[in-house]
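Structure first, then comments.
The values are calculated or read from the model by the stated rules, or taken from the named source; none is laboratory data. Since we're looking at a predicted model, the values are computed, not measured. Glycine also receives a Cβ, built like all others from the backbone with ideal geometry; neighbour counts cover every protein chain displayed. The area values use the complete protein model at the heavy-atom level, side chains included, leaving out ligands, DNA and RNA. Shrake-Rupley method; radii C 1.70, N 1.55, O 1.52, S 1.80 Å.
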Amino acid sequence: MPPTVSSIARVGASPTSAANVNFTVTFSESVTGVNTSAPFNDFALTTSGVTGAAITGVTPISGATYTVTVNTGLGNGTVRLDVVDDDGVKDVANNPLGGVGAGNGNFTDGETY
């Protein structure tokens, strides 16, 4: 069975005026291949009313949990972190996120700031 994204949760309170915020990304099982260096192409931001928001870091907490740091940019609005499936994230049995095929493991239902 392929891994999936279980949740993307805010780490801090919302709303916030912080310059940087963190999200916790939890997978259904331990995975490898999560892009932890720029340009962080396993993740994307969905924003509304905000310009210049950017992912600035990805830190593994455990095999199934990662913290993603986001610069909130300028303006008042919302920032949501999404997972973008390119079949690079895999479990120990080499099953790609969501199964074989890019995009079928995408996750766009996380919490927003």
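For the chain, give the magnitude of the charge dipole about the Cα centre (Cβ charges: +1 Lys/Arg, -1 Asp/Glu; no others), in debye to the nearest 20.
Roughly 300 debye for the chain.
For segment 14-113, give the percent of accessible area contributed by carbon and sulfur heavy atoms, probe 1.4 Å, rounded to a whole number.
Taking all protein chains in place, segment 14-113 shows 50 percent carbon and sulfur surface.
Averaged per residue, what accessible surface does the chain expose to a 1.4 Å probe, in Å²? Intermediate values should be presented prior to the final figure.
On the way: 5600 Å² over 113 residues.
Using a 1.4 Å probe on heavy atoms only, each residue of the chain averages 50 Å².
Not counting ligands, DNA or RNA, and with a 1.4 Å probe, what is Phe27's accessible surface area in Å² rounded to the nearest 10?
It works out to around 10 Å².
Which net charge results for the neighbourhood of Ile8, defined as the other residues with beta-carbon distances under 15 angstrom from its beta-carbon, given Lys and Arg at +1 and Asp and Glu at -1?
Computed value for this residue: -3.
State the extension gain, in nm to one decimal, for the chain segment bounded by Asp109 and Thr36, taking 0.36 nm per residue of separation less the distance between their alpha-carbons. Walk me through the intermediate numbers first.
Numbers: separation 73, 0.36 × 73 = 26.28 nm, distance 2.13 nm.
Difference between extended and current length: 24.2 nm.
Which three numbers, in whole Å and largest first, are the semi-axes of the equivalent ellipsoid of segment 1-50 derived from its Cα gyration tensor as √(5λ)?
24, 14, 10
Could you give the length gained on full extension between Ala18 and Thr51, defined as 0.36 nm per residue of separation minus the Cα-Cα distance, in nm?
Details: separation 33, 0.36 × 33 = 11.88 nm, distance 1.45 nm.
The Ala18-Thr51 span can extend by a further 10.4 nm.
Can you give me the distance in nm between label points at Ala9 and Ser28, each placed 7 Å from the Cα along the Cα-to-Cβ direction?
1.9
Viscosity 1.002 mPa s, temperature 20 °C: Stokes-Einstein D of segment 69-113 from its Kirkwood Cα radius, in µm² per second?
Value of D from the Cα-based Kirkwood radius: 175 µm²/s.
How far is the Cα center of segment 76-113 from the Cα center of segment 1-53, in Å?
9
Evaluate the Kirkwood expression for the hydrodynamic radius of segment 29-105, namely the inverse of the mean inverse distance over all pairs of different C-alpha atoms, and round to one decimal in Å.
Working: mean 1/r = 0.0753 Å⁻¹.
Answer for segment 29-105: a Kirkwood hydrodynamic radius of 13.3 Å.
Just to check I understand the Karplus step: with θ = phi - 60° and J = 6.51 cos²θ - 1.76 cosθ + 1.60, what whole-Hz values come out for segment 21-31, glycine and proline as x?
Result, rounded to whole Hz: 10, 10, 10, 9, 9, 10, 9, 5, 7, 4, 9.
Report relative contact order for segment 17-113 in percent, whole number only (criteria: Cα-Cα under 8 Å, sequence separation at least 6). Don't jump to the answer; show the numbers that get you there.
Numbers: 213 pairs, mean separation 28.5, N = 97.
Answer for segment 17-113 is 29 percent.
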